[in-house]
1. Pick from the stretch 173-195 the residues that are more than 30 Å from Ile386 (Cβ to Cβ) and surrounded by 22 or more Cβ atoms within 10 Å (Cβ to Cβ): which of them is nearest to the chain's Cα centre (by Cα)?
2. If you take the residues of the stretch 323-347 that are among the β-branched types (Val, Ile, Thr) and in contact with a Gly (Cβ under 9 Å, 6 or more places away or on another chain), which of them is farthest from Ala402 (Cα to Cα)?
3. Quick one: is Glu357 out of contact with any Cys (no Cβ under 9 Å at 6 or more places or on another chain), part of a helix (DSSP H, G or I), free of Cβ contacts under 8 Å to residues at least 40 places away in the same chain and more than 22 Å from Lys262 (Cβ to Cβ)?
4. Please report, ordered by residue number, the strands (runs of 3 or more DSSP E) entirely within the stretch 162-272 with at least 3 residues that are over 26 Å from Ala305 (Cβ atoms).
5. Give the residues of the stretch 90-117 that are part of a helix (DSSP H, G or I) and closer than 30 Å to Asp245 by Cα, sorted by residue number.
6. Of all residues in the stretch 345-394, count the ones that are over 17 Å from Leu155 (Cβ atoms), among the polar types (S, T, N, Q) and exposed (fewer than 15 other Cβ atoms within 10 Å of the Cβ).
7. Is it the case, given these coordinates, that Ala118 is in the same structural domain as Ala299 (by TED's automatic domain parsing), touching a Pro at 6+ places or on another chain (Cβ under 8 Å) and closer than 18 Å to Ile255 by Cα?
8. For the stretch 108-143, which residues satisfy the criterion of being among the β-branched types (Val, Ile, Thr) and crowded, with 23+ Cβ neighbours inside 10 Å?
Amino acid sequence: MNRDSVERGHESRVTSHESPLPDESPAFAALAAELARLDEQGLRRRRRVLASPQAPRAVIDGREVVAFCSNDYLGLAAHPRLAAAVQEGAQRYGVGSGASHLITGHTLAHETLEGALADFVGLPAALLFSTGYMANLGIVTALVGRGDTVFADRLNHASLNDAVLLSRATFKRYPHNDVAALGRQLAAAPTGRRLVVTDAVFSMDGDVAPLSALLALCERHDAWLVIDDAHGFGVLGREGRGALDHAAIASPRIIYMATLGKAAGVYGAFVAGHPLVVETLLQRARTYIYTTATPPLLAHALMTALDLIRGESWRRDRLRVLIDVLRRELAGTPWRLLDSDTAIQPLIVGDNVAAVELATALAAQGLLVPAIRPPTVPQGTARLRISLSAAHEVDDVRRLGAALRALA
């Protein structure tokens, strides 16, 4: 069959299809109407295209900007030592892992990294996952089900909420950081396994969970404490060891999850805890069992990232300086800057459209700050989420402060 006949055959199959065109279909019309409503409510999201390495000074959508929207808190994502480690890992292990961890995808690089991560956060065992979302789904669904109860902070990340729904356990949500309310819920809970799940650093508010008090409740009520430290690992604690070190807590009841694509600058996630818990996840967590292992070159590079996190404390010192400068710059503006000592500095605007307009006005000046709106945050609390990085300069923060004061 020649090329012309192939093309004619394809054309015939297309033109003979009798289904209505998308714009004439009720199903497609409903989707279009839903998207139009998102536009009207100021809730439609649009992607930006990054054409440079992840850094405060970046080329995004064809323009040079100063970006305050990355989770690269220590400025490691474009570090030359990480790039060199990736090249070395590719030469040693190739590019793809080729299989799941339980077939032939678990390499020496993965095994070495799991041991190093467990040691770094002070827990006996660790297990790598492809993403934090998959790790949270794996933890909750492997450990609880019908007849069990999960207690969750109302401001937890979506991955934790989705994990509870998927587990089919009873889902109890307590007011944000309200230890007393959680205590009452635990006391009234029926028999069955109990799981308390919380962010360590809340991704949209930037505040830190009362982990010591939460652990005390778990000890009293025979519950596990699942801590999502996506935004604390590498930043909090001595040498960036994370929220457990920051709170000075230790217990076999702790199930600790942290991501490796934020402060660590690479990709992936891990869960650490008691060996029985980690082995249970290895055997039962579907998001671990039924997916291809992350490329070993990334695991190899993460060993270098751990060295940088541990050895370059100036990066955390720089973050603290930048946080102080930003809070002084924004004092007296009409918007409310939430009380946060972390790299996440939320500026509450309130109205969805107003938040988008403020972000747009900043973008016009080459300052990129995302407007965060419902359902990511509660109604009426649309905000600018200012994310600081050790790679920012003090002058970058002062420039942002001056622009916001002028717009006020």
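1. Leu195
2. First pass over the stretch 323-347, keeping only residues among the β-branched types (Val, Ile, Thr): 323, 325, 333, 342, 344.
Now drop any that are not in contact with a Gly (Cβ under 9 Å, 6 or more places away or on another chain), which leaves 325, 333, 342, 344.
Values: Val325: 12, Thr333: 11, Thr342: 21, Ile344: 19 Å.
Here the answer is Thr342.
3. Details: out of contact with any Cys (no Cβ under 9 Å at 6 or more places or on another chain): yes; part of a helix (DSSP H, G or I): yes; free of Cβ contacts under 8 Å to residues at least 40 places away in the same chain: yes; more than 22 Å from Lys262 (Cβ to Cβ): yes.
Yes; evaluated as a whole, the condition is true for this residue.
4. Numbers: elements: 170-174, 194-199, 224-228, 254-259.
In the stretch 162-272, 170-174, 194-199 are the strands (runs of 3 or more DSSP E) which contain 3 or more residues that are over 26 Å from Ala305 (Cβ atoms).
5. The first filter runs over the stretch 90-117 and keeps only residues part of a helix (DSSP H, G or I), leaving 90-93, 101-105, 108-117.
Of everything in the stretch 90-117, those that are part of a helix (DSSP H, G or I) and closer than 30 Å to Asp245 by Cα turn out to be His101, Leu108, Ala109, His110, Glu111, Thr112, Leu113, Glu114, Gly115, Ala116, Leu117.
6. 1
7. Working: in the same structural domain as Ala299 (by TED's automatic domain parsing): yes; touching a Pro at 6+ places or on another chain (Cβ under 8 Å): yes; closer than 18 Å to Ile255 by Cα: yes.
For Ala118, the condition - in the same structural domain as Ala299 (by TED's automatic domain parsing), touching a Pro at 6+ places or on another chain (Cβ under 8 Å) and closer than 18 Å to Ile255 by Cα - is met.
8. Residues satisfying the conditions are Ile139, Val140.
The values are calculated or read from the model by the stated rules, or taken from the named source; none is laboratory data. Keep in mind that this is a model prediction, so the values were computed, not measured. Note that each Cβ is placed from the backbone with ideal geometry, even for glycine, and that neighbours are counted across all protein chains shown.
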